[in-house]
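A quick write-up on the structure given underneath.
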Amino acid sequence: MNFISIALLSLAMSTDAFAAAVGKGTALEKPRWSEALRTGIIFGVIEALTPLVGWALGLTAAHYVKAWDHWIAFVLLGALGLHMVFAGFKAPEAEEPQKPSSHSFWLLAVTGFATSIDAMVVGVGLALLNVNILPVAVAIGFTTFVMVTIGVMVGRVLGAVAGKRAEVVGGVVLIGIGATILIEHLTGG
């Protein structure tokens with residue numbers, strides 16, 4: 001693969017993570033750059049590891065991963081999105097702030113994994129083409145890190161403009177990403 005192909009693949013693999021990061025940023029109380037960088041690192045590392053896992057699965061398990069990846073992403077993103085929607089409509093408690101200042105590591109890891117399942121399938125496909133997976137995985141991970149970090153800060157702006165209902169929008173975005181992944185795989189798009 002040449003540089004342009006790797007760059008385009010990296011951008012394609014990071015777009016759903018970017019959208020999820022915008023949703024995560026809207027759900028936080030004025031996220032700082034440190035939280036955006038933390039989120040970017042978590043998503044970027046997961047997004048870099050999943051093509052390596054896909055590569056390792058190679059030919060032997062390719063049809064299993066490909067057969068279920070869209071359902072796994074749909075269920076994980078749908079559940080996280082519904083949780084955010086319900087939290088957005090829930091009346092804030094008097095003693096607690098309306099929004100957290102950061103997300104838990106595990107919530108970010110699950111979201112990062114759900115948005116990176118397609119990268120695992122790409123890793124399987126690249127194994128079939130005998131492509132050197134390391135530069136591709138590093139490029140995907142780095143691009144995702146940058147896109148997610150920016151996405152959290154974009155979410156900060158949207159959250160400040162939309163208030164508490166931004167969490168509802170973020171949840172709807174996650175549900176939409178999951179539904180889009182499912183529809184694309186079911187229709188062959």
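Pairs linking a residue in the range 122-151 that is closer than 11 Å to residue 6 by Cβ and of a type in the set (S, T, N, Q) to a residue that is in a helix (DSSP H, G or I) and modelled with pLDDT of 95 or more, with Cβ atoms under 7 Å and 6 or more positions apart or on different chains, do not occur.
Can you find a residue in the range 135-156 that is outside any helix (DSSP H, G or I) and either of a type in the set (Gly, Ala, Ser) or modelled with pLDDT under 80 (or both)? So far as the range 135-156 goes, no, none of its residues is outside any helix (DSSP H, G or I) and either of a type in the set (Gly, Ala, Ser) or modelled with pLDDT under 80 (or both). Residues that are modelled with pLDDT of 80 or more, buried (at least 23 other Cβ atoms within 10 Å of the Cβ), out of contact with any Ser or Thr (no Cβ under 8 Å at 6 or more places or on another chain) and among the aliphatic types (A, V, I, L, M) are absent from the range 78-88 altogether.
Based on this model, can you work out whether residue 21 counts as crowded, with 19+ Cβ neighbours inside 10 Å, in a helix (DSSP H, G or I) and modelled with pLDDT of 85 or more? Quick ask: steps written out before the conclusion?
Working: crowded, with 19+ Cβ neighbours inside 10 Å: yes; in a helix (DSSP H, G or I): yes; modelled with pLDDT of 85 or more: yes.
When the stated conditions are applied, residue 21 passes them.
The values are calculated or read from the model by the stated rules, or taken from the named source; none is laboratory data. The shown structure was predicted, so the numbers you read here are calculated from the model rather than taken from an experiment. Methodologically, a virtual Cβ is constructed for each residue, glycine included, from the backbone with ideal geometry; neighbour enumeration extends over all protein chains shown.
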